[in-house]
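The values are calculated or read from the model by the stated rules, or taken from the named source; none is laboratory data. Remember, it's a predicted structure, so these values are computed and weren't measured experimentally. Here the Cβ positions follow ideal geometry from the backbone for every residue, glycine too, while neighbour counts run over all protein chains shown. Heavy atoms of the whole protein, side chains included, go into the accessibility calculation; ligands, DNA and RNA do not. Shrake-Rupley method; radii C 1.70, N 1.55, O 1.52, S 1.80 Å.
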Amino acid sequence: MHAVEANFDGLVGPTHNYAGLSYGNVASSKNQQVTSNPKEAALQGLAKMKALHDMGFVQGVLAPQARPDINILKRLGFTGSDARILALAAKTDPVLLASCCSASSMWTANAATISPSSDTLDGKIHITPANLVNKFHRSIEPETTARTLQAVFNNDQYFQHHPPLPAVDVLGDEGAANHTRLCQNYGDSGMELFVFGRYGLSPEKPAPSRFPARHTYEASSAIARLHGLAAEQTLFIQQNPAVIDQGVFHNDVIAVGNRNVLFFHEQAFLEKQNLLNKLNDFFNDQPFYPIEVNSSDISVKDAVNTYLFNSQLLSLANGEMVIVVPEECLHNNTVKQYLSELVSANNPITQLLSFDLKQSMQNGGGPACLRLRVTLTQDELNAVNPHCILNDFLYSTLTGWVNKHYRDQLTIQDLSDPSLLHETQLALDELTQILQLGSIYPFQRH
């Protein structure tokens with residue numbers, strides 16, 4: 001059956017800031033306390049969406065979370081008016097306040113794991129929001145994420161929504177940043193690759209020693225069961241603990257796949273050859289392109305600093321692929337030279353496209369972090385909330401919305417400003433009307 005892969009990018013939220021909350025994410029830690037520009041961040045993301053839409057790709061939009069999260073602060077014992085709660089939190093625990101103001105939902109690769117109908121037992125698209133338990137500022141996202149996804153994929157004839165996995169460390173789930181799918185054509189039955197950092201119930205098995213492994217085997221296997229995936233179409237792969245300790249906090253920082261191409265660093269996986277053997281068996285005599293980058297060509301450090309592998313691989317109408325990278329890749333001569341050779345080599349990747357995503361990159365997220373991939377048949381695409389599919393009018397509306405509501409400068413000290421809370425709630429209330437999402441935010445529901 002014919003299908004397309006749609007990319008649903010997260011709109012950067014009005015509280016985009018650099019609080020350095022993500023231990024293990026080198027860029028996040030490096031840029032802690034830098035003044036951010038939420039308006040520029042949102043417009044940079046929208047520019048990428050528009051460019052891909054103009055190239056003919058199906059491009060969707062996902063709304064950001066409501067921040068500051070006053071409800072969480074109330075649950076943690078802060079009382080009084082909203083202004084008093086913000087002031088008390090800033091005075092007594094500024095890191096906690098920053099966590100409740102994070103715009104990290106912009107990286108929708110972490111929003112959920114999604115299996116297409118061609119892979120699932122009941123022939124529906126299955127969606128499980130990630131619990132993101134490893135980081136407090138992300139662990140408060142899943143409830144709103146679930147409501148958002150239900151408002152976008154809102155037809156139960158085609159979409160099966162699951163609740164997030166229980167919020168415990170043993171079931172740490174980081175979503176599609178650790179999941180990819182390989183196939184010949186999008187509508188074919190594919191091989192789903194679940195990448196995990198450690199075994200939650202077997203601490204004696206390999207695990208990183210410096211930075212946390214956020215995703216567990218137990219989470220991946222649970223999602224495969226929930227989604228009704230056949231064993232022969234599912235691979236569980238452990239990420240190399242040594243690269244996690246070098247700042248590769250998600251698999252999409254060291255590998256990316258699309259259709260019959262797997263682009264990865266030689267240090268990405270713990271049992272690389274076993275993975276390649278199984279993928280060769282799956283593709284059998286059909287074309288399969290494992291593109292392995294040697295450490296002698298690109299170091300793990302350069303891969304992390306440029307986010308070379310946090311790229312998007314997108315299939316063009318003629319079957320060739322375009323690789324979408326952040327501009328930082330072109331500022332590194334070694335990586336730039338490698339990319340030039342890549343698009344000239346004998347593989348489906350024939351075009352290179354770069355974007356200025358500096359505001360996101362400084363917080364540790366590149367092109368692939370900003371999007372959630374969803375494989376859709378035409379009937380399934382028709383069942384998606386049409387107001388969340390980018391077109392020229394929606395792009396113009398959203399850029400106008402950003403310019404109207406977003407600040408062009410935000411410091412950590414600004415997070416306790418009561419007017420920022422009012423501004424963001426006003427903006428998001430308007431956004432839910434633009435995207436016709438209904439009342440997805442707690443401030444709208446209570």
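I'd like to know if segment 101-117 contains one or more residues that are open to solvent by 30 Å² or more (accessible area, probe 1.4 Å) and either at pLDDT 95 or above or touching a Lys or Arg at 6+ places or on another chain (Cβ under 8 Å) (or both). So far as segment 101-117 goes, no, none of its residues is open to solvent by 30 Å² or more (accessible area, probe 1.4 Å) and either at pLDDT 95 or above or touching a Lys or Arg at 6+ places or on another chain (Cβ under 8 Å) (or both). Could you tell me which residue of segment 390-421 is nearest to Ala47 (Cα to Cα), considering only residues that are surrounded by fewer than 18 Cβ atoms within 10 Å (Cβ to Cβ) and within 22 Å of the chain's Cα centre (by Cα)? Among residues in segment 390-421 that are surrounded by fewer than 18 Cβ atoms within 10 Å (Cβ to Cβ) and within 22 Å of the chain's Cα centre (by Cα), the one nearest to Ala47 (Cα to Cα) is Thr399.
Evaluation of Phe393 against the conditions (1) hydrophobic (A, V, I, L, M, F, W, C); (2) under 22 Å from Asn110 (Cβ atoms); (3) at pLDDT 95 or above shows that the sole unmet condition is (2).
Checked across segment 81-92, the condition of being open to solvent by less than 40 Å² (accessible area, probe 1.4 Å), more than 30 Å from Asn154 (Cβ to Cβ) and free of Cβ contacts under 8 Å to residues at least 40 places away in the same chain holds for at least one residue. Would you confirm, using the coordinates I've provided, whether Ala151 is surrounded by fewer than 21 Cβ atoms within 10 Å (Cβ to Cβ) and either without any contact (Cβ under 8 Å) to a residue 12 or more places away in the chain or part of a helix (DSSP H, G or I) (or both)? Considered against the rule, which asks whether it is surrounded by fewer than 21 Cβ atoms within 10 Å (Cβ to Cβ) and either without any contact (Cβ under 8 Å) to a residue 12 or more places away in the chain or part of a helix (DSSP H, G or I) (or both), Ala151 comes out as yes. Inside segment 422-446, residues that are among the hydrophobic types (A, V, I, L, M, F, W, C), part of a helix (DSSP H, G or I) and open to solvent by 10 Å² or more (accessible area, probe 1.4 Å) make up a count of 3. Of the strands (runs of 3 or more DSSP E) that lie entirely inside segment 176-260, those containing 1 or more residues that are of a type in the set (Asp, Glu) and either out of contact with any Phe, Trp or Tyr (no Cβ under 7 Å at 6 or more places or on another chain) or surrounded by 21 or more Cβ atoms within 10 Å (Cβ to Cβ) (or both) span 191-196. Select from segment 149-183 the residues that are closer than 17 Å to Cys369 by Cβ and in contact with a strand residue (DSSP E or B) (Cβ under 7 Å, 6 or more places away or on another chain) and list them in ascending order. Within segment 149-183, Gly175, Ala176, Asn178, His179, Thr180 meet the criteria. Looking at Ser189, Ser220, can you tell me which residue is under 19 Å from the mean Cα position of the chain (by Cα) and modelled with pLDDT of 95 or more? Criteria check complete, one pass: Ser220. For segment 30-44, the set of residues classified as open to solvent by 10 Å² or more (accessible area, probe 1.4 Å) and either at pLDDT 80 or above or within 19 Å of the chain's Cα centre (by Cα) (or both) consists of Val34, Thr35, Asn37, Lys39, Glu40, Leu43, Gln44, listed by residue number. One residue stands out among those in segment 342-389 that are open to solvent by 30 Å² or more (accessible area, probe 1.4 Å) and of a type in the set (S, T, N, Q): the one that is nearest to the chain's Cα centre (by Cα), which is Gln362.
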